[in-house]
Amino acid sequence: MIQQPPRRQGCQEKIKGFYILILCFVLSGTVVHSQGEVRAVFSVNKGAPLIGEPVRVTLTIDAPADAVVMLPDFPLEWPPFMVTGVSPAVVTEAGGRKTLHQEITAILWQIGDFETPETWIEYALSGSPESFRIAVEPAFFTVPSVLNPNDLTLRPLKPPLALPYVSPWLLLGSTLILVGAAFGAGRWLRRRRTVHTVQMPEDVVSRTLRELQGISTLPASRAYPLVGDALRKYVEEQAGVPAEEMTTEELLAALQAQPRFGEPHRHELRRILERVDLVKFAQYQPEADSTRKLVQAAARWIETTAARDDKAA
């Protein structure tokens with residue numbers, strides 16, 4: 001067995017110790033980096049929600065236990081979402097790290113492929129004077145169309161009809177009667193609108209405000225549709241348009257030709273009626289005190305439109 005000289009053996013031991021020291025330094029740096037890492041991600045409870053159906057978006061943040069994390073603000077309009085609720089963050093700790101969970105309830109009113117909007121998280125590590133900023137990993141999902149793209153069955157545009165013979169004289173007489181009836185109804189409606197324009201504004205305003213005051217004590221599920229009906233009736237009597245038979249978009253389009261309902265008034269009316277439609281058609285459950293706020297907003301809108309009429313007069 002050949003033995004190495006003591007001097008050479010000592011050099012090899014020093015080199016080996018030097019490599020071990022470098023390896024320990026690298027490993028220790030890796031551990032510190034992983035312990036200080038912060039990660040944020042969005043996830044959704046449904047990969048393919050229906051249009052108008054509430055979607056639960058969960059924000060999950062993994063960070064060191066001693067890190068200070070600033071949660072983002074989620075506005076009502078969070079394109080492409082409409083946010084209807086944000087829950088408080090739930091924090092759990094284990095193994096020197098903490099996890100934050102926050103749920104956002106939102107609704108989409110259009111179909112297509114979407115991802116959560118760009119969102120940033122700010123945080124500061126213990127012992128560090130500077131703060132850091134990271135982007136939240138988005139969640140991807142699809143809102144499908146109600147149409148079935150796999151249905152290839154050909155169908156006629158209209159069902160076949162068996163038309164009986166009708167005398168031309170009978171058709172002419174019926175047409176004359178209908179024209180006369182339409183002419184008489186048009187004159188009656190014009191007279192009725194003229195009378196309303198002259199004598200209604202004060203009575204309509206006070207009556208609608210009293211009606212809203214009575215609604216304010218009802219539960220939200222009943223109060224929201226009644227507030228929408230009261231506003232539509234008020235607009236119908238003031239503007240002479242069939243507001244109770246129109247959708248929100250049709251009503252707002254019709255009011256563009258009405259000078260008394262300017263752009264700010266139409267914008268505020270849209271905001272109120274969209275809230276009503278959420279409860280009426282999407283079964284959205286508002287907060288306990290939201291009925292009072294909705295009634296106050298509706299009353300304030302009526303008072304501002306009445307004041308505009310007084311100034312115009």
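The values are calculated or read from the model by the stated rules, or taken from the named source; none is laboratory data. Since the structure is predicted, the reported quantities are computational estimates derived from the model, not experimental observations. For neighbour counting, all protein chains shown are included, and Cβ atoms are generated from backbone atoms with ideal geometry for every residue, glycine included.
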Worksheet item: Considering 291, 305, which residue is under 24 Å from residue 105 (Cα atoms) and in contact (Cβ under 8 Å) with a residue 40 or more places away in the chain?
Response: 291
Worksheet item: Among the residues of segment 106-118 satisfying the criterion of being part of a strand (DSSP E or B) and surrounded by 15 or more Cβ atoms within 10 Å (Cβ to Cβ), which is farthest from the chain's Cα centre (by Cα)?
Response: 114
Worksheet entry | Failed item, numbered, when residue 28 is tested on (1) modelled with pLDDT under 85; (2) in contact with a His (Cβ under 6 Å, 6 or more places away or on another chain) | (2)
Practice prompt. Among the numbered conditions (1) at pLDDT below 85; (2) more than 24 Å from residue 46 (Cα to Cα), tell me where residue 180 comes up short.
Written response: (1)
Discussion item. Can you find a residue that is modelled with pLDDT of 85 or more and more than 19 Å from residue 76 (Cα to Cα) anywhere in segment 303-310?
Written reply: yes
Item to complete: State the number of residues belonging to segment 235-284 that are under 25 Å from residue 222 (Cα atoms), small (Gly, Ala, Ser) and in a loop (DSSP other than H, G, I, E, B).
Response: 1
Practice prompt. Residue by residue through segment 65-74, note down the ones that are assigned to a strand (DSSP E or B) and surrounded by fewer than 16 Cβ atoms within 10 Å (Cβ to Cβ).
Written response: 68, 70
Worksheet item: So which residues in segment 38-50 are surrounded by 15 or more Cβ atoms within 10 Å (Cβ to Cβ) and within 16 Å of the chain's Cα centre (by Cα)?
Response: 44, 49
Fill in: Filter pass, residue 112 being modelled with pLDDT under 90 and either closer than 30 Å to residue 281 by Cα or not small (Gly, Ala, Ser) (or both)
yes
Item to complete: Say whether the condition of being of a type outside the set (Asp, Glu), under 19 Å from the mean Cα position of the chain (by Cα) and over 17 Å from residue 211 (Cβ atoms) is met by at least one residue in segment 295-313.
Response: no
Discussion item. I'd like the full set of residues that are of a type in the set (A, V, I, L, M, F, W, C) and part of a strand (DSSP E or B), limited to segment 75-105.
Written reply: 78, 81, 82, 83, 86, 90, 91, 94, 100, 104
Discussion item. Just to be sure I understand, how many residues within segment 217-227 are within 10 Å of residue 279 (Cβ to Cβ) and either modelled with pLDDT of 90 or more or surrounded by fewer than 21 Cβ atoms within 10 Å (Cβ to Cβ) (or both)?
Written reply: 4
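Quick one: which of 58, 99, 92 is surrounded by fewer than 17 Cβ atoms within 10 Å (Cβ to Cβ), within 21 Å of the chain's Cα centre (by Cα) and hydroxyl-bearing (Ser, Thr, Tyr)?
On inspection, the qualifying residue turns out to be 58.
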